[in-house]
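Report on one structure; see the data block that follows.
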Amino acid sequence: MSYQWRKLSPAQREAWLARRKLLKRPWHRPPHFDQGNIHSHISAACYEHRDHIGYSEDRLETFSRMLVEHLPVQPVAWCVLPNHYHVLVPSADIRATVKLLGELHGKTSFQWNGEEDTRGRQVWHSASDRAMQNSDHFWATINYIHHNPVKHDYVESWLDWPFSSALDFLESEDRESAVRIWKQYPVLDYGRGWDD
């Protein structure tokens, strides 16, 4: 984004920042890992990995917005897929954050079951969280989250999946930095067996 930002007029810059504020997205780049901060990777799946979130493109878009808005803090990275999501958040109180996500799950379950005339159906399985152990784990998690739609064969490139923070991340980093982060903190076996 830094190269594009320089080409924008003052009015375009204001519009760009207003859009990011409205969507509650970071204005610039993800924070650098600080040993004093606690970051957690939270993932949640639909019951039996059914595509409840992906019932429609509109639902995917709406849930993505709801997820980001429902969190008590701005997520560092996030990605919503048809049957699960991942979010990396700074969280000194992970229990409170997971409880808020549970409330979101309850609200969306009720709404979606009403829309599909399936009252009583279980929509969500559960949410799990993993605290970041160090800066390598932090950056590999960002790569994993943004790479998830590619991993699951929804798209061939991060840029092709609109329901994540990948585009914001790639706009906040110049190409050289993004490539360096990808190579320095590879995904490798990250997440193997989670979807079994």
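Figures for the structure shown
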| item | result |
| --- | --- |
| Those GluC sites (Glu not before Pro) in segment 103-178 that DSSP places in a loop and that have at most 13 other beta carbons within 10 Å | E116, E156 |
| Neighbour-limited loop hits for trypsin sites (Lys or Arg not before Pro), segment 56-153 (at most 16 other Cβ within 10 Å; DSSP other than H, G, I, E, B) | R119, R121 |
| Nearby aspartates and glutamates by direct alpha-carbon distance to K183 (threshold 17 angstrom, same-chain neighbours under 8 apart not counted) | D136, E173, D174 |
| Efficiency of FRET between V150 and R130 - r from beta-carbon atoms, R0 22 angstrom, step 0.05 | 0.60 |
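Computed from the coordinates by the stated procedures, all read-outs in this text should not be read as laboratory data. On a predicted model such as this, the values are computed, not experimentally measured, just so you know. Cβ coordinates were reconstructed from backbone atoms using ideal geometry, including for glycine residues, and neighbour counts include every protein chain displayed.
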